[in-house]
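Note sheet for the following structure.
The values are calculated or read from the model by the stated rules, or taken from the named source; none is laboratory data. What you see is a predicted model, and the numbers here were worked out from it, not measured in a lab. Using ideal geometry, Cβ is built from the backbone for each residue, glycine included, and neighbour counts are taken over all protein chains shown.
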Amino acid sequence: MQHTVISTHSNKTPFLLASPGPSLFECLVPIANVWHKTGALITGVLLVSLLAQARFFLPDNPVPITLQGFGILMLGSVLGLRLGLLAAIGYYLVGMVGLPVFAKGGAGWDYVAHGVTGGYLLGFILAAGVVGYLSQRGWDRGRSLWPMLIGSLLIYAPALIWLSVFDFSWPAEGKLLSGAFYPFIPGDLLKLVSAAVLTGGLWHLVDRKK
């Protein structure tokens, strides 16, 4: 009689622990050296700074939509974990030292440390890192929407904690989610879908070159 041996060991490594693949930037610029990467970092910070100044309103929504979140998602998806995280940190530090790179030209220590947007700015760093991490582990091309969705949600983790811990006049008592989260959802959906489509298009260029 033959006995079937069932192995409980799997050779498959969970994707979260898998070795990272090349970033989209590395695929677009395969000869990238330290100067190319430095240029990409500076360009990323500049683009997010410019996108932060763009703002518009959706119908029946009083919350202005800025594009810095879109830029942050693109930092992670294009530059990957390391460069994307460095670029997001660079954006944060450049604004902290006084350059008007945040929404509506906001800048300075007081704006970052004592304002209602301080938690959102920390969330940008978290989002860029996570999107970059996931993008280099197979969540790219047709799967790009999922890192963008996760990254967008992660922006609010430190933001809501920040608003809960510190005493600001906004949002009103008992209206944390209705004031600081729900009104931003329509704009965030638009931004994350746009970022996913653009990322997928760039990967299409990479695949065509191959």
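A few notes on this one:
- Residue list for region 45-91, restricted to those being basic (Lys, Arg) and over 20 Å from residue 202 (Cα atoms): 55
- Options 129, 80, 115: the member that is touching a Ser or Thr at 6+ places or on another chain (Cβ under 7 Å) and not aliphatic (A, V, I, L, M): 80
- Residue within region 109-121 that is among the aliphatic types (A, V, I, L, M), modelled with pLDDT of 95 or more and either touching an Asp or Glu at 6+ places or on another chain (Cβ under 7 Å) or within 17 Å of residue 188 (Cα to Cα) (or both) present: yes
- Which numbered condition residue 29 misses (of (1) farther than 27 Å from residue 105 by Cα; (2) within 19 Å of the chain's Cα centre (by Cα); (3) modelled with pLDDT of 90 or more): (2)
- In region 161-192, the residues that are among the polar types (S, T, N, Q) and either in contact with a Gly (Cβ under 6 Å, 6 or more places away or on another chain) or part of a helix (DSSP H, G or I) (or both): 164, 178
- Residue in region 143-162 that is in contact with a Phe, Trp or Tyr (Cβ under 8 Å, 6 or more places away or on another chain), surrounded by 22 or more Cβ atoms within 10 Å (Cβ to Cβ), under 22 Å from residue 194 (Cα atoms) and of a type in the set (Val, Ile, Thr) present: yes
- Yes/no for residue 93 being surrounded by 15 or more Cβ atoms within 10 Å (Cβ to Cβ) and either out of contact with any Pro (no Cβ under 7 Å at 6 or more places or on another chain) or not basic (Lys, Arg) (or both): no
- Of all residues making up region 25-60, the number that are within 19 Å of residue 193 (Cα to Cα) and part of a loop (DSSP other than H, G, I, E, B): 5
- Pairs linking a residue in region 125-151 that is more than 12 Å from residue 200 (Cα to Cα) to a residue that is surrounded by fewer than 18 Cβ atoms within 10 Å (Cβ to Cβ) and among the small types (Gly, Ala, Ser), with Cβ atoms under 6 Å and 6 or more positions apart or on different chains, are 136/21; 137/18.
- Qualifying residue in region 132-141 (condition: modelled with pLDDT of 95 or more, within 14 Å of residue 76 (Cβ to Cβ), in contact with a helix residue (DSSP H, G or I) (Cβ under 9 Å, 6 or more places away or on another chain) and surrounded by fewer than 23 Cβ atoms within 10 Å (Cβ to Cβ)): yes
- Index of the failed condition, residue 87 passing every other in (1) free of Cβ contacts under 8 Å to residues at least 40 places away in the same chain; (2) farther than 28 Å from residue 176 by Cα; (3) crowded, with 24+ Cβ neighbours inside 10 Å: (1)
- Odd one out for residue 72, checked against (1) under 18 Å from residue 55 (Cα atoms); (2) crowded, with 18+ Cβ neighbours inside 10 Å; (3) modelled with pLDDT under 95: (3)
- Within region 18-69, if we keep just the residues that are small (Gly, Ala, Ser), touching a residue at least 24 places away in the same chain (Cβ under 8 Å) and within 26 Å of residue 156 (Cα to Cα), the residue that is surrounded by the fewest Cβ atoms within 10 Å (Cβ to Cβ) turns out to be 49.
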